[in-house]
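The values are calculated or read from the model by the stated rules, or taken from the named source; none is laboratory data. Remember, it's a predicted structure, so these values are computed and weren't measured experimentally. Positions of Cβ are backbone-derived with ideal geometry, glycine not excepted, and every protein chain shown enters the neighbour counts. When the accessible area is computed, the model is the full protein with side chains, heavy atoms only, and any ligands, DNA or RNA have been set aside. Shrake-Rupley method; radii C 1.70, N 1.55, O 1.52, S 1.80 Å.
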Amino acid sequence: MENLTISEQFFLLMMNKKGTIGALNDYGKISLVMAGLLDLQNAGILKIEESQVVLLETEIPENYQSLAPLAAKIYEMKKRTLEKIADAYGGTFLDRELNLLIQNIRQRLEEKGVIQKKQESGLLGEKVSWFADEAKVGEIIDSLKGAFDNIDGHLDQLTLVLLLQKSNALAQYLSKYDQKVMKEDLKELKHSPLAKDVQKMMNVIDQMYVILAVVAIV
C-alpha cells in the first residue's frame, strides 16, 4: 500500500459507511479542507502567510492528485484567502465543492487499496457501503502514537493528531490514557525551544481553524 497524504489519512479515519464525513460533523469537514491546504503547502503548490494563500506552482505532484479539486478551486480565485476558501467549502455552494473533494480523495484511496466498496441489493434498491482497510487504520494510529518520539521525522503525523483532536475524533481510536499522554506531549512541545517548526505548525492550524470555522459554520 502506498504512503498517504495528511488529508487522505484524515479522511480514512473520518469516513463513515456512506463513504463521506457525517452531515453534522462540520468541524470534520473544515479539518479535511485544512489538511488539504497543508498537503498542498507540503507539495510546494502554495504557502500560507497569515490569512493569505500564495500560489507557487500549478502542477500537482502525482502523490497529491487527490487534491486536484481543491487546487483547481484555489487557482480560479481572484482573491486567495482562507476566508474565501472557507466560503467556497461552506454552505454557499450547498456542499458541492466539498463533495467533489471527498469523491476525489475517496477514489484515490480506493485505487491505493485502502478502502473498498460493497454493493448490496435491498428493498429500496442498491445499497453501497464503504469500508476502510483495518490494517492501514491500525498502521496510522500506531504512527500517531510514535510521532512524539521523533518530532522532526513525524511533523505530518503531529499535524494529523491536531486535526483529529479538533474534530473530536481521537476518542474513536485512542484510549483515555493515550489521549491524556498525547495532550501532555503537545503541551510540552508548545513550550519546547527545540520544536520551533512544530510551534509554527500549531499556530498556523489554530489560525486556520478559527478563520475557516467562523466563515463556514456561521
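Data for the structure
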read-out	value
Pairs with Cβ under 7 Å, 6+ apart, first in the range 63-80 and aromatic (Phe, Trp, Tyr), second open to solvent by less than 40 Å² (accessible area, probe 1.4 Å)	Tyr64/Thr5; Tyr64/Asp39; Tyr64/Leu40; Tyr64/Ala43
Failed condition for Lys17, given (1) open to solvent by 50 Å² or more (accessible area, probe 1.4 Å); (2) outside any helix (DSSP H, G or I); (3) over 30 Å from Ala171 (Cα atoms)	(3)
Single condition Ala147 does not satisfy, out of (1) open to solvent by 30 Å² or more (accessible area, probe 1.4 Å); (2) at pLDDT below 85; (3) hydrophobic (A, V, I, L, M, F, W, C)	(1)
When residues of the range 74-85 are limited to those that are assigned to a helix (DSSP H, G or I) and under 20 Å from Glu59 (Cα atoms), the one modelled with the lowest pLDDT	Ile85
Matching residues, the range 22-78, being more than 15 Å from Leu160 (Cα to Cα), open to solvent by less than 10 Å² (accessible area, probe 1.4 Å) and of a type in the set (Gly, Ala, Ser)	Ser66, Ala71
Filtered residues of the range 2-14 (kept if out of contact with any helix residue (DSSP H, G or I) (no Cβ under 6 Å at 6 or more places or on another chain) and either in a loop (DSSP other than H, G, I, E, B) or modelled with pLDDT under 90 (or both))	Glu2, Asn3, Leu4
Qualifying residues in the range 152-179 (those that are charged (D, E, K, R) and over 17 Å from Val33 (Cβ atoms)) - the one least open to solvent (accessible area, probe 1.4 Å)	Asp178
Search result, residues across the range 86-139 that are assigned to a strand (DSSP E or B), in contact with a strand residue (DSSP E or B) (Cβ under 9 Å, 6 or more places away or on another chain) and open to solvent by less than 60 Å² (accessible area, probe 1.4 Å)	Ile115, Val128, Ser129, Trp130, Ala132
